[in-house]
Amino acid sequence: MNKHILNSEVQAYISNNLQADVSKIALLKSPFGEVSSAALAGQIAAKKKSVHKLPSWYAQEGIYYPPLLSIEQCSSETTARYKSQLAQGHSLLDLTAGFGVDSFFFAQKIAQVYSCEINPELSAISAHNAQLLGANNIECMAVDGIEFLKNTNQQVDTIYLDPARRHQSNKVFKLKDCTPDVTQHLDFLLTKAQRVIIKTAPLLDITAGLAELKNVSEIHIVSVKNECKELLWVIDRDFKADPQVICATLNDEQKIFAFQLNELHKPIAVASHQPPIYLYEPDVALLKSGAFNLIGARFGLHKLHQHSQLYRSDRFLAEFPGRIFQIETWLTLNELKKERELSGNVIVRNFPEKPENLVKKYKIKSSHDHFIIFTQTNEGNWAIKAKILQHY
């Protein structure tokens with residue numbers, strides 16, 4: 001950690017060059033003897049990346065930024081704030097702290113946070129920023145979290161870890177292939193804390209995760225703007241019942257769709273496309289959960305087709321976690337060919353062609369509020385012209 005980066009004139013340079021080309025800055029001679037051009041470019045790139053992802057860091061003067069990869073891999077403020085609600089008790093150990101974003105938000109809820117990061121420079125950066133942001137209840141330690149636990153008698157209420165999902169430069173998704181291997185250490189972790197929270201790759205299959213883990217009380221599927229960001233596993237030492245799945249959509253308004261795993265296979269009616277006027281498209285968090293029938297049962301909706309994951313109703317339900325459209329016209333594909341001056345954003349659900357091909361084929365112009373949804377019902381393939389009423 002080069003503390004010269006924190007000098008006022010260097011900080012001013014970084015702030016004044018946020019719109020500059022960082023690749024050019026990296027090639028120029030540095031105006032500061034103690035700070036290289038590459039370091040300046042790295043600070044600028046990381047700060048620019050933080051403007052939306054980490055607004056509290058971006059707004060705070062004197063923040064020391066880590067390499068850009070650490071910014072790209074860390075939690076956003078939105079998701080870190082959500083997961084902080086899952087911690088319990090008075091003390092928490094973050095086993096894989098990285099840049100320290102999760103530790104910071106846990107510290108807003110928990111009296112004492114111990115933040116372990118094996119990379120000494122990253123740990124020092126995290127400690128500096130925590131103090132600057134007023135999180136004085138975080139103790140940053142440049143140690144391997146698992147080894148720290150093995151060499152202490154200390155107990156905490158909650159342990160959090162985000163295992164590294166890379167092995168020899170390749171991404172991995174199975175828990176046993178991540179570092180640390182939580183499947184190997186879980187029994188030990190549960191001797192140190194009543195609750196363990198694990199962040200995994202969003203692509204991890206829920207059934208596969210349950211097969212590798214034990215005592216799972218909650219599975220949180222977290223999405224932002226219809227992008228699945230995090231899959232969080234809450235493990236409680238004494239829990240033996242059916243786990244709860246919580247789909248959390250963190251948009252302008254947070255919406256929660258929660259259910260027990262044994263509710264997944266509820267039956268649902270698949271109905272004709274006639275005549276209801278509202279079309280419902282679930283958020284990706286709900287789709288990730290596999291609760292395709294339960295979505296309809298909870299909201300009183302009918303599916304267009306068993307495999308389309310689109311739903312219809314004659315009621316507008318603003319609490320629905322996903323997009324809602326007002327249906328304007330149902331068109332067969334032969335009818336669509338006769339249409340002139342077509343416009344709309346193209347959506348494809350359970351349909352044999354790609355959106356870009358359909359745009360070219362039917363000469364569809366883009367539109368802000370109008371959509372053309374290509375899908376299948378039990379009566380064949382249809383194109384639905386609709387206006388969006390609710391975004392994600």
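Quick notes on this one:
- Percentage, to the nearest whole number, of Cα pairs in region 246-318 over 15 Å apart: 53 percent
- Under the membrane-span-like helix rule (DSSP H runs whose alpha carbons stretch at least 24 Å along the helix axis, mean Kyte-Doolittle hydropathy -0.5 or higher), the chain yields 37-53.
- Applying the Karplus relation 6.51 cos²θ - 1.76 cosθ + 1.60 with θ = phi - 60° to region 335-340 yields 3J(HN,Hα) values of 5, 5, 4, 7, 6, 10 Hz, where x marks Gly and Pro.
- Residues LEU261, LEU286, LEU310, ranked from the fewest to the most other C-beta atoms within 10 Å, line up as LEU261, LEU310, LEU286.
- For region 74-261, the convex hull spanned by the alpha carbon atoms encloses 118 Å³ per residue.
- Residue-wise HN-Hα couplings along region 58-68, as the Karplus relation 6.51 cos²θ - 1.76 cosθ + 1.60 with θ = phi - 60° gives them from phi, are 4, 7, 8, 5, x, 5, 9, 9, x, x, 4 Hz; Gly and Pro carry x.
- Note on LYS53: lysines with a C-alpha under 19 Å away, same-chain residues under 8 apart excluded, are LYS83, LYS199, LYS225, LYS229.
- From the alpha carbon centroid of region 173-216 to that of region 293-329 is 34 Å.
- Potential lengthening between ASN251 and LYS387 on full extension [0.36 nm per residue; Cα-Cα distance subtracted]: 46.9 nm
- Rough spin-label spacing in nm, given labels placed 7 Å along Cα→Cβ, for GLU139 and HIS4: 3.5 nm
- Rel. contact order, % - alpha carbon contacts under 8 angstrom, at least six apart, the chain: 8 percent
- Cα shape, region 1-150, gyration tensor, a/c 1.5 rule: prolate
- Cα gyration tensor category, rounded, prolate or oblate, for region 278-390 with a/c compared to 1.5: prolate
- The convex hull drawn around the Cα atoms of the chain, when projected onto a plane and averaged over every direction, covers 22.6 nm².
- Estimated distance in nm for a label pair at ALA124 and LEU264, the labels positioned 7 Å out from Cα along Cα-to-Cβ: 4.8 nm
- Across the options LEU331, SER115, LEU264, the greatest Cα extent toward the positive end of the charge dipole of the chain (unit charges at beta carbon of Lys, Arg, Asp, Glu) belongs to LEU331.
- Fluctuation leader among ALA127, ALA193, ALA208 - the chain, Gaussian network, Cα springs under 10 angstrom: ALA208
- Note on LEU333 and GLU61: the model spin-label points, each 7 Å out from Cα along the C-beta direction, lie 6.3 nm apart.
- The ALA111 and VAL51 beta-carbon pair, evaluated with R₀ = 35 Å, returns a calculated FRET efficiency of approximately 0.65.
- Sorted by Cβ neighbour density within 10 Å, fewest at the top, the residues VAL113, VAL196, VAL216: VAL216, VAL196, VAL113
- Farthest positive-ward along region 278-390 dipole, Cα basis, beta-carbon charges - from ILE372, SER289, ILE388: ILE372
- Panel order for SER308, SER289, by other beta carbons found within 10 Å of each beta carbon, from fewest to most: SER308, SER289.
- Note, ³J(HN,Hα) from phi for region 244-253, Karplus 6.51, -1.76, 1.60, rounded to Hz, x at Gly and Pro: 9, 9, 10, 8, 10, 9, 9, 10, 4, 10
Throughout, read-outs are computed from the coordinates displayed, never taken from laboratory work. On a predicted model such as this, the values are computed, not experimentally measured, just so you know. Note that each Cβ is placed from the backbone with ideal geometry, even for glycine, and that neighbours are counted across all protein chains shown.
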